[in-house]
Amino acid sequence: MKLTTRDKIMSAALEHMALHGFKGTTTKCIAKQASVNEATIFKHFKGKDELIHEALEQQMNLVKTEVDTFFHTDHENIQELLLAKIDFINHIYESHKDFFLVTIKEQGSKELEFMYPSIFEYITEELEKELAKMADDSISEEELQAIAMIANSVLLTIILEKMKAECYGHPIRLDIKKELLVEMLIRLWGQ
């Protein structure tokens, strides 16, 4: 599929923001990255803020669609769900790396205020819903929330380690085999 000029500009904005953050990204830099004239950006967007907002919103909607598709797939049991989720999180991070790098680096900035819930909160909520379908009455809602939060916290830590390795050349120090992680979560689950 051929990208439109607008899509090229938004993609270039994400790539540049992933490396240089919001403040280090200018329309001039974006234009160079997208191989367009800077004036072309202003034909499509009112300014840098609108461009950033639309690029992030578009990516967030794409990621949410993929998350929804994943969580609306039937899983036989908790172990299969958690193993598949780990692979899915790795896949979605690789597929939308610039988006994740920007949202992690710029956490707390006003430019991300519109992202509520954040993509990480959204994934946690979706996992919690899926776990609730598999739970029996012996597991409370709070316990389900805790298991979903623990699972996503560990995965976020792994993503952060990958990000540091890619951005700064640091070795990945915190990593865990997915089977061990799932085994530990199942123990928390009590099965």
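The values are calculated or read from the model by the stated rules, or taken from the named source; none is laboratory data. In this text the structure is predicted, and so the values were computed from the model without any measurement. Here the Cβ positions follow ideal geometry from the backbone for every residue, glycine too, while neighbour counts run over all protein chains shown. Please note that ligands, DNA and RNA were not included when accessible areas were found on the heavy atoms of the full protein model with its side chains. Shrake-Rupley method; radii C 1.70, N 1.55, O 1.52, S 1.80 Å.
Observations on the model:
- If the chain linking L83 and E143 were pulled fully straight, counting 0.36 nm for each residue of separation and taking away their Cα-Cα distance, it would gain 19.6 nm.
- Spacing of the two label points (7 Å from each Cα toward its C-beta) at E121 and I104, in nm: 2.0 nm
- In the chain, the portion of solvent-accessible area held by carbon and sulfur atoms comes to 53 percent [1.4 Å probe, whole percent, DNA, RNA and ligands not counted].
- Calculated accessible area for the chain comes out at 57 Å² per residue, all protein chains present (probe 1.4 Å; ligands, DNA, RNA ignored).
- Global size of segment 7-67: 11.2, 36 Å for Rg and Dmax (C-alpha atoms, Rg to one decimal, Dmax whole).
- Look at the alpha carbon pairs under 8 Å that are at least 6 residues apart: their mean separation over the length of the chain gives a relative contact order of 21 percent.
- Of the three principal axes defined by the Cα atoms of the chain, the extents in descending order read 61, 34, 32 Å.
- Kirkwood-based Rg to Rh ratio, segment 111-191, C-alpha trace: 1.05
- You can think of it this way: the chain between T5 and L19 has 2.9 nm of extra reach, that is 0.36 nm per residue less the Cα-Cα gap.
- Mean residue ellipticity at 222 nm, helices only, the chain: -24000 deg cm²/dmol; runs of at least 4 DSSP H residues each add -39,500 (n - 2.57), and the sum is divided by the number of residues.
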